[in-house]
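Here's the structure we're looking at; comments come further down.
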Amino acid sequence: MTQFCILLDPAVARFYMQIAENAGLPPEQVLSDALFKLAAELSLEALQKAPPTLPQ
């Protein structure tokens, strides 16, 4: 798996650290899940905005 390093605002980092602690998960997993969910939501939104295609 490819690894990325991101910089977070200190308030955002505290937010995700608290969620991770409450969930009993590593912060990396919480951030990964949050980014994956955001990507899915943005993809669905883009598909909804795309012009309809004609069946072939």
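The values are calculated or read from the model by the stated rules, or taken from the named source; none is laboratory data. In this text, all values refer to a predicted model and were calculated from it rather than measured experimentally. All Cβ positions, glycine included, derive from the backbone under ideal geometry; neighbour counts span all protein chains shown. Each accessible area value is taken on the protein alone, full model and side chains, heavy atoms only, with ligands, DNA and RNA left out. Shrake-Rupley method; radii C 1.70, N 1.55, O 1.52, S 1.80 Å.
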Q: Kindly provide the set of residues from the range 45-56 that are aliphatic (A, V, I, L, M) and in a loop (DSSP other than H, G, I, E, B), ordered by number.
A: 50, 54
Q: Scan the range 1-22 for residues that are in a helix (DSSP H, G or I) and either open to solvent by less than 90 Å² (accessible area, probe 1.4 Å) or in contact with a helix residue (DSSP H, G or I) (Cβ under 9 Å, 6 or more places away or on another chain) (or both) and jot them down.
A: 10, 11, 12, 13, 16, 17, 19, 20, 21
Q. If only one of 25, 42, 31, 35 is of a type in the set (A, V, I, L, M), surrounded by 10 or more Cβ atoms within 10 Å (Cβ to Cβ) and outside any helix (DSSP H, G or I), which one is it?
A. 25
